[in-house]
Amino acid sequence: MIRHYFLYIIVLLASSSCSSFLEVDPKDSISGEDVIHDQASAQAALNGAYVALRDYYSVNFQSIAYLSGDNVEWTGSQSQIQEFINHRVNPENSTIAATWNGIYQSVNRANNIIKVLSENDQLGIAENERALILGQAYAIRALSYFDLLRVWGGVPLITEPTARVGENAGVARSSSDETYALILQDLSAAEELLPQATNRFTFTKKTVWALKARFYLYREDWTQAIAFANRLLTDADYELLNPYYSFFKNNVTGTRESVFELYYNANELNPHRGQWQPQTNGGTRQWAPNAALVSLLTTPATGGARSELIARDNQNRWYGNLYYRSPASDPTYIVRIAELYLIRAEASAHTQNFDQAVADLNKVRARALLTPKPTSQNQAEILRAVEDERRLEFAFEAHRWFDLVRTKRAQDVLGISESFRILLPIPYSQILADPVLDQNPGYSF
């Protein structure tokens with residue numbers, strides 16, 4: 001059913017410094033859970049899980065988020081990609097199949113680590129190292145299932161590793177609530193195991209707190225969303241950088257703005273750059289800011305300093321410039337501290353703490369050189385202002401579509417006539433491979 005392959009665990013060189021990163025360097029291919037036999041092989045398996053996470057964030061998953069929203073247009077010729085913009089995605093769409101496969105590969109690699117390290121205490125791994133590796137595996141699985149849920153709703157919950165395609169046939173889909181429950185369980189397991197350290201490239205307890213803040217925002221548990229956002233917002237290791245472009249320009253990585261980002265280097269390139277940059281810069285510009293976004297970013301009252309996210313090529317066409325490096329070593333930004341401010345702003349508005357909501361909103365706006373919003377706004381006005389701010393603050397990050405879906409505004413904002421299209425279809429190849437896998441309502445197969 002689930003075409004995730006356990007055959008490829010890529011051995012990496014991991015830095016020993018908590019402030020440095022995983023440098024990805026393919027070395028070997030190994031299969032079977034018995035390959036984890038000591039600390040070095042456990043670390044290699046963990047590094048392979050990070051590779052799988054990085055791979056599905058490289059293009060396919062984020063392309064769904066970009067193109068289903070209202071910031072990005074598709075300039076290429078493939079009709080299957082245009083299906084996301086038109087909200088007419090077919091179950092045979094190759095991008096959804098690749099995304100499903102890629103995320104489940106991440107799940108499977110995490111499953112292997114969790115199973116072996118949870119069931120075998122004879123590996124000669126020091127307890128603190130075992131906890132560190134196991135905690136990161138739980139966090140990777142949690143984020144992977146969270147992303148599956150955001151695209152498809154409830155999915156098959158696979159918690160055992162597999163070595164062959166089809167081993168999970170017969171596992172029915174779980175409900176959205178059941179999927180959320182596993183995500184929270186994994187985040188809590190990771191929180192218990194991981195150190196309270198600052199590392200912007202690997203999961204720590206602080207990263208998990210940020211993901212819990214996001215999780216509770218999606219669950220509309222405003223009190224918990226605020227509580228976990230507070231843990232990052234009161235931590236001196238994180239801050240909004242000035243000017244706005246400081247978190248991404250001049251080839252920087254791992255700035256104080258970053259809570260968690262995925263690392264690439266000259267040997268393992270980030271395919272994002274090629275999609276955004278124009279031909280004169282060695283790209284294809286198949287993803288491009290649409291006219292509405294360009295207008296918002298170039299209008300001083302709405303875009304402010306965030307106009308740095310776009311530029312023009314020699315044909316006067318606008319292109320996205322968040323991913324620009326040559327070679328394409330741009331990080332993928334998973335969580336920035338700006339998100340925690342806007343999570344707290346939104347949750348505070350829902351709990352009637354309008355002063356806090358506006359203060360957090362204006363903190364983000366001030367960094368973008370925008371005038372502050374008045375404190376006299378009512379709840380509806382504040383929530384709309386936060387929505388608008390998130391659209392521009394994360395213009396080329398994977399938020400806009402999912403924000404509109406979780407707030408139940410996607411149909412109105414994007415003009416989607418059929419409500420079932422808020423969830424994408426399960427890939428047809430998966431339906432064919434496993435008869436117990438139910439298609440999302442509204443899709444023909």
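Based on DSSP H runs of at least 4 residues, each adding -39500 (n - 2.57), what is the mean residue ellipticity at 222 nm of the chain after dividing by all its residues, to the nearest 500 deg cm²/dmol? Show your work: numbers first, answer last.
Working: 16 runs with 207 residues, N = 445.
Value at 222 nm, helices only, nearest 500: -14500 deg cm²/dmol.
Net charge near Tyr319: determine it from the other residues with C-beta under 9 Å of the C-beta of Tyr319, scoring Lys and Arg +1 and Asp and Glu -1. Working shown, then result.
Working: positive: Arg285, Arg312, Arg317; negative: Asp313.
For residues surrounding Tyr319, the net value is +2.
Which whole-number percentage describes the relative contact order of the chain, with Cα contacts under 8 Å and a sequence gap of 6 or more?
Numbers: 822 pairs, mean separation 84.0, N = 445.
19 percent.
Identify the chymotrypsin sites (Phe, Trp or Tyr not before Pro) of region 329-384 meeting these criteria: DSSP loop state and at most 14 other C-beta atoms within 10 Å of the C-beta.
Details: sites: Tyr333, Tyr341, Phe354; in loops: none.
Of the chymotrypsin sites (Phe, Trp or Tyr not before Pro), not one in the loops of region 329-384 has a Cβ with at most 14 other Cβ atoms within 10 Å.
Read through the labelled values [x] 9; [y] 47; [z] 25 and report the label of the one computed as percent of Cα pairs over 43 Å apart from the structure.
[x]
Considering only the other residues whose Cβ falls under 14 Å of the Cβ of Ile125, what net charge follows from Lys and Arg at +1 and Asp and Glu at -1? Before the final figure, lay out the partial values.
On the way: positive: Arg130; negative: Asp38, Glu119, Asp121, Glu127, Glu129.
It works out to a net charge of -4.
Count of lysine pairs in the chain with Cα atoms under 23 Å apart, counting only pairs 8 or more residues apart in sequence or on different chains?
Numbers: Lys115/Lys205; Lys206/Lys363; Lys212/Lys363; Lys212/Lys408; Lys249/Lys363; Lys363/Lys373.
Going through the chain pair by pair, I get 6.
Quick one: the Cα spread of region 279-390 along its three principal axes, in angstroms, biggest first?
50, 27, 20
Could you state the number of Å between the C-alpha centres of region 240-293 and region 182-231?
25 Å
Please give the net charge around Ala110, taking every other residue with its beta carbon less than 11 angstrom from that of Ala110, where Lys and Arg add +1 and Asp and Glu add -1. Intermediate results must be reported in sequence, preceding the final value.
Values: positive: Arg109, Lys115, Arg141; negative: Asp186.
Local net charge: +2.
Rg over Rh of region 205-340, using C-alpha atoms and the Kirkwood radius, what does it come to?
1.02
Which whole-angstrom value gives the distance between the alpha carbon centres of region 362-414 and region 65-110?
Each part reduced to its Cα centre gives a spacing of 24 Å.
So how strong a dipole does region 264-330 carry about its Cα centre when Lys and Arg Cβ are +1 and Asp and Glu Cβ are -1, to the nearest 20 debye? Walk me through the numbers before you get to the answer.
On the way: 6 positive and 4 negative charges, 29 e Å.
Dipole of region 264-330, to the nearest 20 debye: 140 debye.
Mind listing P(r) for region 264-330? All alpha-carbon pairs, 10 Å bins, whole percents.
23, 47, 25, 5, 0
How big is the charge dipole of the chain about its Cα centre, in debye rounded to the nearest 20, if each Lys and Arg gets +1 on its Cβ and each Asp and Glu gets -1 on its Cβ? Intermediate results must be reported in sequence, preceding the final value.
Details: 40 positive and 49 negative charges, 241 e Å.
Once rounded to the nearest 20, the dipole reads 1160 debye.
None of the figures in this text is laboratory data; all of them are computed from the coordinates on show. Quantities reported herein were computed from a predicted structural model and do not represent experimental measurements. For neighbour counting, all protein chains shown are included, and Cβ atoms are generated from backbone atoms with ideal geometry for every residue, glycine included.
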